[in-house]
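Below is one structure, written out as structure tokens; comments come after it.
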Amino acid sequence: MDPANNMLSIQNLCIYKNESLLFTLDTSLLAGEILTIMGPSGSGKSTLLSWLSGMLYPAFTAEGKLLLGGQDISQTPSHLRQIALLFQDPLLFNHLTVAGNIEFGMQASKSNSKKERISKALASVNLSGMEMRAPKSLSGGQQARVALLRVLLNEPRVILLDEPFSKLDSQLRQATRELVFEQIRQRGLTAILVTHDQSDADAAAGKVINLSNTRSA
Amino acid sequence: MIVDTSLFTRWVKLTPSILITLLLVPVVAGLLGVILPAFGWLPALGEDSVDFRGFKALFQTPGFVTMLTLSFSTSFISTFFAVILSILILGNYFDSKLLGHIQKLLGPILVIPHAAAAIAIGFLIAPSGLIMRLFSPWLSGAELPPDILLPNDPLGFSIILGLTLKELPFILLMAMAAMQQKEIKQTIEGQYKVALSLGYYPFTSFCKAVLPILYPFMRLPIFAILAYSSASIEIPLILGPNTPPTLAVAIMQWFNDVDLHLRIQASAGALVQVILTLCVLFTWWLLEQCVKRFCLSRLINGRRTYADMTWKFLTHCITLLVLFAIVLALIGLVLWSFAGYWSFPKAYPDQLVTLHWQSALQQLPEIINDTILVALAATGIALFLALFTLEAEQQRRTQLSSVASLMIYLPLLVPSIAFLFGIVWVKEIIGVNAVFSMVVVGHLLFVMPYVFLSLATSYRKLDLRYAKVAASLGCSPWSVFYSVKLPQLMPPILFSSALGLAISFSQYLPTLLLGGGRINTLTTEAVAIASGASRRISAVYVIIQLLLPAFGFILAWLIPKLFFRPRC
């Protein structure tokens, strides 16, 4: 897919909580760009990701447009948006193996080619030979990498990162962060990172928006 | 470590053992009480040799294989339908407000006694029932009730319908209760979102990401209803065929026969019933293994949808149909209870009279009195034991072991027809004549699991910091329990009490057997009337059966609002 198709545009977005304005936002991202969203708790960071993924909670309402590759997807159901989520918790499926979890994200194709791709992907994140392991048997950092592969091999156009490094210790955090950003840039994906941590924003090396500054009176 | 030796703490420590003993002893004694007579040993009748006469007589009973087939097929198929419908409803309304609305409806539907539900369904599907009347003659062309054997059809379709409609709310409610546990809720909601964001359609997301996590929490309730439905009495007795009936109904008839020697055959039947129930459970387990093997590879085959829109449409239709059937059944009951002459195919009675209400109300005061007394005693004991057992858990800082937890649900897992007759036999041997107490114990066996289950979640979620603050201010363990914990738990305690009362109101077999005809409740009377007397009087009894538990739930809802609301 042409990376230009991954350009994301948020136009005149106003999010309301119980009819009072929470924040406004108007911004665009080029393919491969990582936008960092910061702000205090309750400023609406996770709500923004919910809106982007089409899963806004019933207590919130939104006005505005979301364009992906020039196409308005504001009303598109979440499963058809090609916008993948990476949460703070890896949320791996314990009823599947490591390989099964990654395969869950992949599109239907021949089983052999899938297996080959999974092995290569696992090797690229230093998890060779862990295909048949149960997710529970992995460390926190290993689980985070499997969750990343599940999303990357899904080949989405946009990735939303909801504080995915916040539960990792500082050393692991840096290594995982570098891996995630490198993979995103290599694939020309557009990403939005929500974080409390300035070092995450620095590592993302992209535009930073502080949601507390976007609230209207 | 400082050990508190107050009377309260000592009682609390003892309660879990008392509770388990109270549940285990009658069930085990009851099972023993059918095993010995099953092999011909019944000294009260002068039978003291051990042989297989009972089993021989049982196997030679005309229609015995049909009885087994009917019991097996109706329980298995109805549970299968109830599980599939539950999955459809949960999956298609998983992220919708509708699920919350459905949950609110489930409580009242769940506490409708089986006998009442069976009678109401019978009224609905009978050839001269409300469904036929609504569609006649304009659609069916019938000017007279058609000659169809419904209910009581030989293949047990009516039983399947009755059991499915009764089991569906139970499975749904149990699944929803699991879904609302904090950790499970977070996991399933997160994984559902992950699946959606990876491109899976909503119902497929539910089936592939949520159901594998949720199903283990549905298993015990499913096994409980399989066990219950394979040996249930009320629904097959009212909706099922008579020649032959299901095995459980036949056993009950043999036990109650004037020929006491039939008790040996009945005891053998009760043992076969246990084996049949085990077979039903084993077959379900086999089905689970097949589904697991078949579906595991499909979970990761990359397919994002399996006709999601069709399933959604089907679920809407089924949900509406079930709601329509319930509303229609209730309307039918009210109409029948006031109906004078009601010619077919009119959908509304020719005349409305209060005669049936007057006639029923003359006989009711004593029956209602007994019903309420037994229910209050059983629920009171269950509440006391459940609260003290949960308090013991908190004092020990560990939950009941899985074996002890299973023991609490034992009366729901072992076919009641098997152990209740044994209890009667043991009671006769040791010469217990306290009929009221025996009926209360019988009811307690079935009330206890529900009261414990409904209280446990709230009790275990209590914020213990309040108790610690109270203790640090000098309150004794009893004061902490009475003045701090109980007031915080008042709404769930009231709800559990209402649930306990409702479960007791609905008991048929324990009252019939342990009461020996000397204690009659609304349910035993309703079943007796349903099998013979007027449809109109039956309707009156069923309505009162519905009103009584409803009254309990209304009180449970009102009392906290009136007496425990925060005051300015």
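A few notes on this one:
- Take every Cα pair under 8 Å whose residues are at least 6 apart in sequence, average their separation, divide by the length of the stretch A:3-210, and the relative contact order is 30 percent.
- Lys, Arg +1 and Asp, Glu -1 on Cβ, resulting dipole of the stretch B:52-353 about Cα centre, debye, nearest 20: 1040
- Label-point separation in nm, B:GLU189 to B:LEU32, each point 7 Å along Cα→Cβ: 5.1
- Choice from A:ARG81, A:ARG145, A:ARG117 with maximal GNM fluctuation in chain A (Cα, 10 Å cutoff): A:ARG117
- Once the Cβ-Cβ distance of A:THR61 and B:CYS475 is raised to the sixth power relative to R0 = 45 Å, the FRET efficiency obtained is 0.40.
- Sum of side-chain charges, B:ASN433 neighbourhood, beta-carbon under 14 Å (Lys, Arg +1; Asp, Glu -1): +1
- Chain B: relative contact order as a whole-number percent, Cα under 8 Å and 6+ apart: 24
- Projecting the Cα atoms of B:LEU321, B:ALA377, B:VAL334 onto the charge dipole of the stretch B:233-385, computed from C-beta unit charges around the Cα centre, puts B:LEU321 farthest toward the positive end.
- Rounded to 5, the percent of DSSP beta bridges in the protein assembly as shown classed as antiparallel: 55
- Full extension of the chain segment joining B:ILE368 with B:THR457 gains 28.8 nm, where the gain is 0.36 nm per residue of separation less the Cα-Cα distance.
- By the helix-only formula, in which each DSSP H run with n ≥ 4 contributes -39500 (n - 2.57) and the sum is divided by residues, the protein assembly as shown has a 222 nm mean residue ellipticity of -20500 deg cm²/dmol.
- Dipole of the protein assembly as shown, positive end: most advanced residue of A:ALA62, B:LEU287, A:LEU96 [Cβ charges, Cα centre]: A:ALA62
- Summed residue charge, Cβ within 10 Å of A:ALA203's Cβ, Lys/Arg positive, Asp/Glu negative: -2
- Counting only DSSP beta bridges whose two residues both lie in the stretch A:3-210, roughly 55 percent are antiparallel.
- Relative contact order, percent, the stretch B:52-353 [alpha-carbon distance under 8 Å, six or more residues apart]: 31
- Taking a Cβ cut-off of under 13 Å around B:LEU124, the surrounding Lys, Arg, Asp and Glu residues balance to a net charge of +2, with basic ones at +1 and acidic ones at -1.
- Cross-link reach list, aspartates and glutamates versus A:LYS207, counting only Cα pairs under 14 Å and skipping chain neighbours closer than eight places: A:ASP26, A:GLU33
- Modelled label positions at B:VAL403 and A:ASN112, each set 7 Å beyond Cα in the direction of Cβ, lie 5.3 nm from each other.
- Subset of B:LYS166/B:LYS292; A:LYS45/A:LYS65; B:LYS97/B:LYS193; A:LYS136/B:LYS185; B:LYS104/B:LYS461 violating a 23 Å alpha-carbon distance limit: B:LYS166/B:LYS292
- Applying 1/(1 + (r/R0)^6) with R0 = 51 Å to the Cβ-Cβ distance of B:LEU14 and A:THR27 gives a FRET efficiency near 0.15.
- FRET efficiency for the B:ILE84 to B:LEU330 pair, using the beta carbon distance and R₀ = 25 Å, is estimated at 0.50.
- The length gained on full extension between B:LEU376 and B:ASN301, counted as 0.36 nm times the residue separation minus their Cα-Cα distance, comes to 21.5 nm.
- Cross-link reach list, aspartates and glutamates versus A:LYS114, counting only Cα pairs under 15 Å and skipping chain neighbours closer than eight places: A:GLU103, A:GLU131, A:GLU155
- Extension gain, B:ARG219 to B:GLU288: 0.36 nm times the residue separation minus the Cα-Cα distance gives 23.8 nm.
A short reminder: the numbers here are calculations on the coordinates, not readings from a lab. Small disclaimer: the values here were computed from a predicted structure and weren't measured. Backbone-built Cβ (ideal geometry, glycine too); neighbour counts: all protein chains shown.
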